[in-house]
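Written out below as structure tokens is the structure these notes cover.
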Amino acid sequence: MDSRKLLTILGAIFTVIGAIVLTIGIALFVSTNQKYAAGETVQAQIDRIDVYRTRNGTGSNSSTSTNYDVYVSYEYDGKSYDDVLLNSYDGSMYEGEQLELLVDPEHPGNVAVPGFATMTLAGFGGSGALCLVTGLSLLIVPRVRRRRIGNLKQTGKRLDATVQEVTVLNNRTFNGVPGRQVRCTYEEGGQNYRFTSACAYWPVEDALHAGDHIDVYVNPNDYAKNYVDIPSADRLPSSKTYIDL
């Protein structure tokens, strides 16, 4: 698959998921605020806290998480409510503890800890916003970069530089592929200029070697604004998808 299409697909997926999760968070925040808008409270007691574990994932990637269900009892408007599942838990809770909870006057069997709406918004909204920003970045940043490179190729100055080395960046990976940067030099008027390419996530060293010539496009007035034109990953005879960012 073409790397541009892959980034577009990933960006669209993250954007849609982020928008959905963010919308859910906002809807829950509004709904919860409306439900407990009257601000009525009850004094409740924690009757029991059930602890259970769930396994997430399979095989070597699986993990175990601990979950807590808190059940409370209270009286409201002369009626007793027992064994009511609370909507949240924190590590300071204990059986027999007295709590002040918000109660829904129309449905007194629903109670919530103060600030629950804000916590819901922070959880869903934060996750949704993160996915949304990630998705938009994958959609927008590559396009902006390609436009900048296109302008530099059209209006800039082309230099015939010499490859010094291809550096493998094991601390920067994408899809399990370490990043590569091409370092090259160009001499002009007795001055030696050094350039470094953007990070490419494919084995550039299979196509470029020390001593090879490579095009570098620069702003004639500022060589710090440059683009090292490394060959495309599409030149490799491989079915694996590589990313050139």
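The values are calculated or read from the model by the stated rules, or taken from the named source; none is laboratory data. Keep in mind that this is a model prediction, so the values were computed, not measured. We place every Cβ from the backbone using ideal geometry, glycine too, and count neighbours over all the protein chains shown.
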Are any residues in the stretch 89-129 among the charged types (D, E, K, R) and within 11 Å of THR32 (Cα to Cα), and if so, which ones? ASP104
So if I check each of GLY91, GLY115, GLY125, which one is modelled with pLDDT under 90 and on the phi > 0 side of the Ramachandran plot? GLY115
Test THR120 against the criterion of being in contact (Cβ under 8 Å) with a residue 60 or more places away in the chain and outside any loop (DSSP other than H, G, I, E, B), and give yes or no. yes
LEU7 passes all but one of the listed conditions (1) in contact with a Pro (Cβ under 7 Å, 6 or more places away or on another chain); (2) assigned to a strand (DSSP E or B); the exception is number (2)
Evaluate the following for SER238: is it at pLDDT below 90, among the small types (Gly, Ala, Ser) and out of contact with any Leu (no Cβ under 7 Å at 6 or more places or on another chain)? yes
Residue among SER65, SER73 that alone is at pLDDT 90 or above, of a type outside the set (A, V, I, L, M) and part of a strand (DSSP E or B): SER73
Among the residues of the stretch 198-218 satisfying the criterion of being in contact (Cβ under 8 Å) with a residue 40 or more places away in the chain and not in a loop (DSSP other than H, G, I, E, B), which is surrounded by the fewest Cβ atoms within 10 Å (Cβ to Cβ)? HIS213
I want to confirm something. Restricting to the stretch 76-104 and keeping residues that are of a type in the set (Asp, Glu) and assigned to a strand (DSSP E or B), which single residue is surrounded by the fewest Cβ atoms within 10 Å (Cβ to Cβ)? ASP83
